[in-house]
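The values are calculated or read from the model by the stated rules, or taken from the named source; none is laboratory data. As the structure is a computational prediction, the values presented were derived from the model and not from experiment. Every residue, glycine as well, gets a Cβ built from its backbone with ideal geometry; the counts of neighbours run over all protein chains shown. Heads up: the accessible areas ignore ligands, DNA and RNA and are worked out on the full protein's heavy atoms, side chains in. Shrake-Rupley method; radii C 1.70, N 1.55, O 1.52, S 1.80 Å.
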Amino acid sequence: MRHRLVPRHEVLSKEEAEKLLKFYNVTKNEIPRIKKTDPALKDMDVKVGDIIKITRESPTSGVAIYYRVVIEG
Amino acid sequence: MNLDELPKSIRERLNEMKGSERKRFIENYKKALVVPGEAVGTVAAQSIGEPGTQMTLRTFHYAGVAELSVPLGLPRLIEIIDAKKTPTNSIMTIFLNEKHKKDKEYAEKLASRLQERLLSDVCDMRIDVQNRELIIETRDKDAKKILKKLTGSEENKEKFIIKKESLSELKKMKNKLEKKKIRGIKGIKRVFVRKNNDEYVIYTEGSNLKSVLNLEGVDKFRTTTNDIFQIYETLGIEAARNAIIEEAKKVLDEQGLDVDIRHIMLVADQMTVTGEVQAVGRTGISGAKESVLARAAFEETEKHILNAAIYGEVDNLDGVAENIIIGQPIPLGTGTVELAIKEFPFNLERRKSRKKK
């Protein structure tokens, strides 16, 4: 589904996810979450524990990248 | 400083600069960055809170489109922050797709199809107590169809009679029939078509994003509602975050208040961290804090302290409120840094002895 309010969602590969967690020195429990049933993930193949890379359009910095971990729900 | 990490717009501007100007620009940029340990949450709360005191308290004004009443000002802001499931007056802005956006007739046709019509809107219903009958009179075609099916009559007449044994059954039947939808979309009470910058836009009172987005001729990219919970349900958590920012900014701008959007973005981010929209307050963010003392200091003190005692909760004293309560320096600003001791004086002896071996 494409909508003005929905930014781009992508699944990170395993290596990318590990690199990210290492870079920020965090565990998966410490980053923001997104539900597995979220409408924005409908067309994507996601598992619980995957990390979603969200490319937001930010009014302050042009493009901002945000990460969320997929949780049950 | 790694220039690749800079936002694109800043990088582009940097590329145009040279020498001392460039140096000064980078320096100023660094100065403007928020330093680690800054109390961004507190600053955001105050930056939204203070202008909030200047807002008009009662502004149920008629905004944008004439006939639609939307809560504005403080009531609306509170609605957004409290993540209310059903706003007092929701409004949809329905755009038409490329093909139909300049077609007035099409817009009006679509608009008339949107409006929710209940059986009670087009029928005259009454109960004849003496004969134990429910008498329904109508001229509406769709209503007739439904009633025909229900009563099983073949004739094309305007009066339908339903017989039941008891009065209470009749009442039940009447209540059920009154709420029966004959056409339109659930929740949409009134519809208007307006010309807006060369295209026809449909505004509705009441909203139902999911159903409207599935309609033909609707621009699925731009059509929105001001009901944040509906956006969350149909478009997801990121869309809800964007909607919170947009709606809050709109309210503040309308009142002529200049609040930096970063503060609103922070609030929106916090409201959506868990993957669903949380209110700010004891039912949401503040109530989900880890520290017992911080929760007790906020609202419902007895409840939190009692529960903490029952379940044996432990407070790690990581936050601000709990450290103020016990009289310690708070972990903010320079207080974020903790004392760390190098191995040096303690393990020196051991290391020496290891070397000897």
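Inside region A:48-65, can you point out the residues that are at the interface with another protein chain (Cβ under 7 Å from one of its Cβ atoms) and surrounded by 19 or more Cβ atoms within 10 Å (Cβ to Cβ)?
Passing the criteria: only A:I54.
Can you tell me which of B:E137, B:E133 is more than 40 Å from the chain's Cα centre (by Cα) and open to solvent by less than 50 Å² (accessible area, probe 1.4 Å)?
Selected residue: B:E133, the only one of B:E137, B:E133 that is more than 40 Å from the chain's Cα centre (by Cα) and open to solvent by less than 50 Å² (accessible area, probe 1.4 Å).
Are any of the residues in region A:25-35 within 7 Å of chain B (Cβ to nearest Cβ) and more than 24 Å from B:H263 (Cα to Cα)?
Yes, some residue in region A:25-35 is within 7 Å of chain B (Cβ to nearest Cβ) and more than 24 Å from B:H263 (Cα to Cα).
Do we have B:A288 as modelled with pLDDT under 85, hydrophobic (A, V, I, L, M, F, W, C), under 25 Å from the mean Cα position of the chain (by Cα) and under 27 Å from A:T37 (Cβ atoms) here?
Here the answer is yes, as B:A288 does meet what is asked.
If we scan region A:4-18, do we find a residue that is open to solvent by less than 30 Å² (accessible area, probe 1.4 Å) and more than 10 Å from chain B (Cβ to nearest Cβ)?
yes
Taking the stated definitions as given, is B:V277 within 16 Å of B:A240 (Cα to Cα), surrounded by 19 or more Cβ atoms within 10 Å (Cβ to Cβ) and more than 13 Å from every other protein chain (Cβ to nearest Cβ)?
no
What is the number of the single condition among (1) out of contact with any Phe, Trp or Tyr (no Cβ under 9 Å at 6 or more places or on another chain); (2) crowded, with 17+ Cβ neighbours inside 10 Å that B:M92 does not meet?
With (1) out of contact with any Phe, Trp or Tyr (no Cβ under 9 Å at 6 or more places or on another chain); (2) crowded, with 17+ Cβ neighbours inside 10 Å applied to B:M92, the lone miss is (1).
Between a residue in region B:89-112 that is more than 30 Å from B:R76 (Cα to Cα) and any residue that is part of a helix (DSSP H, G or I), which pairs come within a Cβ distance under 6 Å, given they are 6 or more apart or on different chains?
Going by the 6 Å Cβ cut-off, the qualifying pairs are B:H100/B:Y106.
If we keep just the residues of region B:288-325 that are in contact (Cβ under 8 Å) with a residue 24 or more places away in the chain and outside any helix (DSSP H, G or I), which is surrounded by the most Cβ atoms within 10 Å (Cβ to Cβ)?
Of everything passing the filter in region B:288-325, B:S291 is surrounded by the most Cβ atoms within 10 Å (Cβ to Cβ).
Inspect all residues belonging to region A:28-47 and state whether any of them is out of contact with any Lys or Arg (no Cβ under 9 Å at 6 or more places or on another chain), of a type in the set (S, T, N, Q) and open to solvent by 20 Å² or more (accessible area, probe 1.4 Å).
yes
Identify the residue in region B:187-216 that is charged (D, E, K, R) and closer than 20 Å to B:E105 by Cα and, among all such residues, is least open to solvent (accessible area, probe 1.4 Å).
B:E199
So is B:F60 at pLDDT below 85 and among the hydrophobic types (A, V, I, L, M, F, W, C) or not? Quick ask: steps written out before the conclusion?
Values: at pLDDT below 85: yes; among the hydrophobic types (A, V, I, L, M, F, W, C): yes.
Spelling it out, B:F60 is indeed at pLDDT below 85 and among the hydrophobic types (A, V, I, L, M, F, W, C).
Looking only at region B:217-272, which residues are crowded, with 21+ Cβ neighbours inside 10 Å, at the interface with another protein chain (Cβ under 9 Å from one of its Cβ atoms) and in contact (Cβ under 8 Å) with a residue 60 or more places away in the chain?
Correct list: B:T223, B:T224.
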